[in-house]
């Protein structure tokens, strides 16, 4: 089943299928039902990174250097995992400025420079051509391998046959035709190709399935799993070197430069820029791609080593090229179906790369190379032509054919000298030259057009000298002496030991010198002069892309233009119908039914320019718009002023937001504080009202009795003496009240003086009893004492404790019934404290009142006679004193049976310990 | 016939002084030590005037005042609130509840007598 007609039919059928998917995708996009608005499809389309280099070449690389194939996948993995924000910023910039390619990006950043766009395009085309050659080599190689089936014959050297007989030539032509049909069917303002992306995503799926199928076949069909392969390996000591972590001859520098190179490539390869940035539908898709794309890379690499080792063991000594193992292993086992699947997988890898890469390159060639030249030299004929969209398409199609033919040419010239991977790395190194201008452009305002030109030129020249020209020399198209003796025989200029730098592999060597010169020239030349108007404007648009720069571009334009002129201009490049609908849509978005005004504002001019930018590049768009709009140039001062204002405005608005947030928070705090204050105020009011009440009451009696005595000099002596006695006792009550109120206020505000020292509690109790003995004698009460000796000491203020004891004892005395009173005072030792209890056989306290009595001014009494004397502050003060020394004061009582007040005080040493812990 | 006055207050010394004052002026004086007792004695003995303290146990002066005014049989009883709480809100609350007069402690005995006489129409 592997006869030529079958193989060709299968290939053509597969390409037809791809085309059908693309056609369907484009149609759905036109209907507004995008089939690629899906993060998985976005991630799969990124896998266009994996070309035939991966599909065939990884095994070839692994057969030489073990896991040396890995770093080119580690780079992208690291970039996606850690550097996705760079990608995000690129997407934002591209969408905001309708950028269509990496050349457009760089030219736009440095003041919409034609020269820069052209240079980037040349670097990209020259740099990518080896890469396209690689695909041609791999695809034609596999076709001829299949056609020699069942024999396994290595493809013959193309260089020896005529072009007409060379299959890769026809493959190049077929691919060119296919790409033209694919990518340039119509011209779109944003240069997006939904159908193409859908087809690429499908291809990514196909190549992964095909590769995994071969992997499973080799690992579990030919051998008995991974372990079995490695066991076989043990019998071939000559292959042992493949199993070391860093194989000899590669070194850590090699790994580092490959990781760096591939990390830059995944960002700046024209086709990666196309699928990841230009074709991005929704920046949220980046989130899933950030792990799904690395996962894809992991999957497609799992079986690389087993296939390589299996091939080396299987074809030992048969001269089979390791780059073909993926195909030749199934062929050798007569697995025709699997071989065909592998061929289709390889075809997917190759066509995917070629299609996207050439479309991206042709856009660049058209917009950044040919259009500017036409604008300069054929302005007259351009102005006469009504509709230029056909011209644009023609340029792009020509570019596609040209690029593929150049790829074929390189393949004929240099393709045979290198393995697949080595060719790919030459291209990667060229693409890496974009990094300083790209990354610098996105994060550094100081980069200038001159700097970018100098950096890119320097890097490109060194790349050409140290990598591209040697590849020709190795193929015999340049004298070999160029390599060994340097140009003009100058030893220091040997291209791969430049200035005597040895000990590096050729890729690391090129990367070192080219990036050094590139970055040095970029930064150095940029610093020579401050950015000019256009550069400064674009620097702000790019560097601040993640902030809201809004319509900065429009703000920075001042001039006069007519709507009709603009629309006609756009119509000439996009076709009148497209221009008409785009302007109508713009009017609707602006909330105007029709653009009737003759004068266009800055925003409309900006809009027209961005429409044109999609078709002919931002630099050419600028020139074209300038031809119909009379722009009044802004001076650098004015621009800097506007930019300053814009950034100040942003600063102000951020500041304002911050302030407003702070204000909200402060208001909230204020509210809370106010509530607390009101609560405190209420409490204070209550206390004040209680205090005044308590003060007014004795005053009332004193004043009333005094007036009675004054107004009645002949009052009976007995009454007189009674009233005077009452006045004195009420005066005493008043001073007691004042003292206690002040005392409590002092304790509560924390300003009380405490003289803490170690005390014998028994002594305190006895002293207090002595002071109150008169009270009990008056009531004729019996006092029981239970005060053991040698108690542990406690830590407290002696006078304060006596105050507590006096309060409790006088309370007890107050409620005793005359003649029948019993009071008992006890001291007990608890686990870590002493407890004092004072019990009486008075009326007792109702359960609901037992906490109330510890509140201020809350005396509890029933009748007029039972209204207790006292201030209502004694117990609150006592409780605070006891609690200050770490104890507790409470009451236990059954109404009618008396009350027992108890308080505890911790041992002195326990308190010291506690203090130590605290 | 001498007018009958009830003193309702839980402060013993204040009661003693007012009682002495009023008796000297020839009034018949009754005493109650809390709100409930005051209400009961008003109903039982129909005094012409009640000197009503606000802060009393069991039932405060405002509640007593309200209860008295809710009883149509007692509409002739005059009420003079005596309280140590002199804030305006307290005064208007007492008057709002139907008290006929309001005096703040401490008071002058002369003014008290004048107020008592005024309320009794003497």
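Laboratory data are not the source of any read-out in this text; all were calculated from the coordinates shown. No experiment lies behind these values; they were computed from the predicted model shown. Virtual Cβ from ideal backbone geometry, glycine too; neighbours counted across all protein chains shown.
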With a 10 Å radius around each residue's Cβ, average the other Cβ atoms per peptide and rank A:703-709, A:753-759, highest first. A:703-709, A:753-759
Chain B: most fluctuating residue of B:53, B:100, B:71 per GNM, C-alpha cutoff 10 Å: B:71
Within 10 Å of the Cβ of an average residue in A:704-714, the count of other chain Cβ atoms is 4
If each part is reduced to its alpha-carbon centroid, segment A:883-897 and segment B:66-119 end up apart, in Å, by 41
Sort the following peptides by mean Cβ neighbour count (other Cβ atoms within 10 Å, averaged over residues), highest first: A:671-681, B:112-122. B:112-122, A:671-681
Provide Rg and Dmax in Å for the protein assembly as shown, with only Cα atoms included in the calculation. 51.5, 155
Rounded Å value of the spacing that divides the Cα centres of segment A:784-853 and segment A:189-237: 91
Listed with the fewest Cβ neighbours within 10 Å leading, A:302, A:123 appear as A:302, A:123
Ratio Rg/Rh [Cα only; Rh per Kirkwood] for segment A:651-690: 1.40
Cα centroid separation - segment A:317-350 against segment A:458-474, whole Å: 33
